[in-house]
Amino acid sequence: MHKQMKTELIKEAQKGDMASFTCLFEHLRPALYAKALLYFGYSPEAKDVLHESFITAFSKIHQLKDPCKFNTWMHTILKNKCLLIQRDQLKFCFSEKLPQLSSDPLHAIPSIEEGMIAEGNENHLLEMLSHLDEEKRVAILLRFYSDFNSYKEIANILNIPPGTVKSRLANAKKELKTYLDCSQGSTSGNLAADDRGIQTAWTDFYEGNRSRFLSLFEKDLQIRFSSGKMESGLKRWAAEWDIDLLTGVRFKPNYIISSGNLTLVEGPIINPPDKPEQCPPEGGFVFFHHKKKIHKIHAHYASRKKVLRK
């Protein structure tokens, strides 16, 4: 679009001319939609955020002082909208009550979960988990907070027999019950990893900030897949995501929860329209932190379609 024409359209739009603003917006639509895809993949959210950005920009275009900065201004509005939606999605995940699992035989032990809710502190259990050893803690996180929570799935993710999963869960719940009785509801502060930082780093990766995403991980990173395959090294992990970036595959980390040095990350995998079966529909990762870096990963990809948290 010619600079002079663009300036004239902006002036008219600032006077309230919807047709002029629509012309400006449609000229930028392909670039704005491409940016939305980086955040949400080929999903309804990507189109919704365009509509919301249109409304916000038109209502505030009178605030634009320099017409030359219109493109940057529009991209900033869209980015802020994307981040707001992602923040709300993450808040929804954290605001959910602990699931009621009375049918689980492990709940023969008096209800720890009910105690947490009764105290009005839904994050208390996550803080208490930091007092368990790593093996028991990761079993609890997968069983009570993951969508891959069957004994078989947990066994596959951790590469242990289902019987060992049940044993660790039973022992973990006994220890939590003992700690709850002794602590009488006291907490030791927020020991969780930086969930927001992990989600933001993933978003930055899809926007081109590769280094920030990779800075989360140790160079001698160890990766174990539920198939049994083992990989090592940050370069191997980076190559996995670089390939997805080039082929248009997007992982949407819309559920993140942490306790101590463990972080559980889950979400849908968005395939490009021309290759809808390229990757499994959902994925999950257990991150093991050491000295503020992720040094080990257990990765699991759904072999069937599951309904993960939105």
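The values are calculated or read from the model by the stated rules, or taken from the named source; none is laboratory data. Here the structure is a predicted model, which means the values were calculated and not measured. Reconstructed Cβ throughout: ideal geometry from the backbone, glycine too, with neighbour counts over all protein chains shown. Surface areas here come from the heavy atoms of the whole protein model, side chains and all, with no ligands, DNA or RNA. Shrake-Rupley method; radii C 1.70, N 1.55, O 1.52, S 1.80 Å.
Per residue, the accessible area of region 215-310 comes to 47 Å² when a 1.4 Å probe rolls over the protein heavy atoms.
Positive end of the dipole of region 239-304 (Cβ unit charges, origin at the Cα centre): among H290, L264, N254, the Cα lying farthest that way belongs to H290. Segment K174..T76, full-extension length gain: 30.2 nm, with 0.36 nm per residue of separation and the alpha-carbon distance subtracted.
Whole number in Å², please: accessible area per residue of region 1-56, 1.4 Å probe, ligands, DNA and RNA not counted. About 55 Å² of surface per residue is accessible.
Distance cut-off 25 Å, Cα to Cα: go down the list K136/K291; K229/K252; K79/K219; K152/K229 and report the pairs above it. Exceeds cut-off: K79/K219.
Taking a ≥ b ≥ c as the square roots of the eigenvalues of the Cα gyration tensor of region 50-89, is the shape rounded (a/c under 1.5), prolate (a/b larger than b/c) or oblate?
Values: a/c = 2.86, a/b = 1.98, b/c = 1.44.
Prolate, since a/c reaches 1.5 and a/b exceeds b/c.
In terms of packing, defined here as the mean over residues of other Cβ atoms within 10 angstrom, the peptides 154-160, 249-255 line up highest first as 249-255, 154-160.
What is the gain in length, in nm to one decimal, between H295 and I55 on full extension, counting 0.36 nm per residue of separation less the C-alpha to C-alpha distance?
On the way: separation 240, 0.36 × 240 = 86.40 nm, distance 4.41 nm.
My answer for the length gained is 82.0 nm.
Net charge of the neighbourhood of L142, taken over other residues with C-beta under 13 Å away and scored Lys/Arg +1, Asp/Glu -1, is +1. In region 49-74, which residues have a backbone nitrogen under 17 Å from the label point lying 7 Å from K11's Cα in the Cα-to-Cβ direction? Zone members listed by number: 62-70.
Per-residue packing, averaged as other Cβ atoms within 10 Å, sorts the ranges 5-18, 163-176, 258-271 into the order 258-271, 163-176, 5-18, beginning with the highest. Model label points for M230 and R212, set 7 angstrom from Cα along the Cα-to-Cβ axis, are 3.4 nm apart.
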